[in-house]
Amino acid sequence: MRLVIQRVTRASVSIGGELHSSIGAGMMVLVGVEVGDGAADVDWLAGKLAALRIFDDDAGVMNRSITDVGGELLAVSQFTLTASTRKGNRPSYIRAARPEEAVPLYEMFCSEMEVRLGKEVKRGVFGADMQVELVNDGPVTIIIDSRIKE
């Protein structure tokens, strides 16, 4: 699984011109599920994300986690994170998990984050044509891949 994490002052998802979900300060996370991902990937990523220190402390140093600051989380499924551009100029999505595998893992990730944060995780809609708006704070953008674990 791959996550693209953005520290935000606000973020939202609209579908068909209608607001679906929104958050204030916290993280907007794009979630990509690959073939072969499983519960261990979800657990590792959720633990890493909940403890990731990307929020400023009183000295202005990124030393606080989303749990420390009580931030909100918006998680959006994004199969294009699995793209391979190795051959040619048209991305290949062969590594993207099929919906029957990806949806349960995306939902498991969101549920696990709710447990770790102690609050609702706002979500996009899997497979929908979504318009995502955000104000990246910093900017701070981090990519984490459960297979690389760095």
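Per-residue answers, yes or no, for (1) assigned to a helix (DSSP H, G or I); (2) modelled with pLDDT under 95; (3) open to solvent by less than 10 Å² (accessible area, probe 1.4 Å); (4) touching a Phe, Trp or Tyr at 6+ places or on another chain (Cβ under 8 Å):
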site: L3; (1), (2), (3), (4): no, no, yes, no
site: M27; (1), (2), (3), (4): no, no, yes, no
site: L30; (1), (2), (3), (4): no, no, no, no
site: D43; (1), (2), (3), (4): yes, no, no, no
site: K48; (1), (2), (3), (4): yes, no, no, no
site: A75; (1), (2), (3), (4): no, no, yes, yes
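Between S84, S22, the distinction of being of a type in the set (S, T, N, Q) and either open to solvent by less than 40 Å² (accessible area, probe 1.4 Å) or at positive phi (or both) belongs to S84 only. Taking G38, is it more than 27 Å from Q131 (Cβ to Cβ), open to solvent by less than 30 Å² (accessible area, probe 1.4 Å) and more than 14 Å from the chain's Cα centre (by Cα)? Yes; evaluated as a whole, the condition is true for this residue.
Hey, can you tell me all the residues within segment 50-65 that are farther than 20 Å from V115 by Cβ, hydrophobic (A, V, I, L, M, F, W, C), open to solvent by 10 Å² or more (accessible area, probe 1.4 Å) and outside any strand (DSSP E or B)? Result: A59, V61. Scanning segment 121-150 for residues that are under 19 Å from G38 (Cα atoms) and either hydroxyl-bearing (S, T, Y) or over 13 Å from the mean Cα position of the chain (by Cα) (or both) gives S146, R147, I148, K149, E150.
The values are calculated or read from the model by the stated rules, or taken from the named source; none is laboratory data. Since we're looking at a predicted model, the values are computed, not measured. Don't worry about glycine lacking a Cβ; one is built from the backbone with ideal geometry, like all the others, and counts go over all protein chains shown. Surface accessibility is based on the protein's heavy atoms, side chains included, excluding ligands, DNA and RNA. Shrake-Rupley method; radii C 1.70, N 1.55, O 1.52, S 1.80 Å.
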